[in-house]
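Read through the structure below, which is laid out as structure tokens, and then see the notes.
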Amino acid sequence: MIPRPAQYLLRFDDLCPTVSRTRWQRFLPLIEEFGIHPILAVVPDNMDLELEQSQSDPEFWDRMRAMEAAGATIALHGYRHLCNSKGAGLVPLHRHSEFAGVPEETQREWIRAGLAILRGHGLNPRIWVAPRHGFDRNTLRVLSKEGIGLVSDGFARVPFRRDGLTWIPQQLWAPVEKSNGLWTICVHSNTARGSLVEQLRAFLGGHAGQFTSVDRVLAEFQPAELGPAERLYETFALWRIQASQMKNRMAHKL
């Protein structure tokens, strides 16, 4: 059943010790002020130079542990965030990814290593967030075998079951008022403008009571395979996003 009024989750991607400290810290007062329990997508062993925005923060892992203790959910955000594969993924939004198309055994090694790193820092990763939405059925098989049964992705309006895992949809990259459904807003703090911080503050000011957590979602929903109507909605939502991406690429070429 699609919830009414709408519910929202807040997710932060690309977190690692070299995340832009000044940009990331702009969001922390909002999380505390409005009592938000976000998804924190942490790169275990970052090797992506684009994510090296600050000197390595010696307090990063302490902060992740503190935020998890306060109710945040830790996500395994790939392994090294090196998106060198051109394999076809299950959520086809980008041409390159870290995991889609990579042999299953290699994916198993990466996922095991990533989980070991996060757990070695005292974290409990519970959900998968793929860099650039790039993953395939091999990824899902490995995740299931390694004890990760949740995926943050997809464009439905409710959590659902697919390929043996529970998917909590992620459809927004900025706050948008919706009448119904469960909506995850994904924020990349490294590239977020100050205007997004203020936009999010204003949205929370009017909708903080509609923000939920992964634990509440799992307690309140009974995810199942999507019915025909919601599968059709998901397909059209993907098409809209793909069309928007193509329009933006064409605009940059002009």
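The table for this structure:
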{"read-out": "Odd one out for Ser144 among (1) surrounded by fewer than 19 Cβ atoms within 10 Å (Cβ to Cβ); (2) at pLDDT below 95; (3) among the hydroxyl-bearing types (Ser, Thr, Tyr)", "value": "(2)"}
{"read-out": "Unmet criterion (only one of (1) at pLDDT 95 or above; (2) over 19 Å from Val158 (Cα atoms); (3) loosely packed, with under 12 Cβ neighbours inside 10 Å) for Leu204", "value": "(3)"}
{"read-out": "Output for the range 175-184, where each listed residue is in a loop (DSSP other than H, G, I, E, B) and either surrounded by 21 or more Cβ atoms within 10 Å (Cβ to Cβ) or in contact with a strand residue (DSSP E or B) (Cβ under 7 Å, 6 or more places away or on another chain) (or both)", "value": "Pro175"}
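Yes or no, residue by residue, for (1) buried (at least 16 other Cβ atoms within 10 Å of the Cβ); (2) closer than 17 Å to Tyr8 by Cα; (3) touching a residue at least 60 places away in the same chain (Cβ under 8 Å):
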| position | (1), (2), (3) |
| --- | --- |
| Gly154 | yes, yes, yes |
| Cys186 | yes, yes, yes |
| Gly194 | no, no, yes |
| Phe211 | yes, yes, yes |
| Phe221 | yes, yes, yes |
| Ala224 | no, no, yes |
| Glu230 | yes, no, yes |
| Ser244 | no, no, no |
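Residues are listed down the side, and each one gets a yes or a no for (1) surrounded by fewer than 22 Cβ atoms within 10 Å (Cβ to Cβ); (2) in contact with a strand residue (DSSP E or B) (Cβ under 6 Å, 6 or more places away or on another chain):
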residue: Ala88; (1), (2): yes, no
residue: Ser97; (1), (2): no, yes
residue: Pro103; (1), (2): yes, no
residue: Ala113; (1), (2): yes, no
residue: His121; (1), (2): yes, no
residue: Pro131; (1), (2): no, no
residue: Gly134; (1), (2): no, yes
residue: Asn138; (1), (2): yes, no
residue: Trp167; (1), (2): no, yes
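The values are calculated or read from the model by the stated rules, or taken from the named source; none is laboratory data. Nothing here was measured: the structure is a model prediction, and the numbers come from that model. All Cβ positions, even for glycine, are placed from backbone atoms using ideal geometry, and neighbour counts span all protein chains on display.
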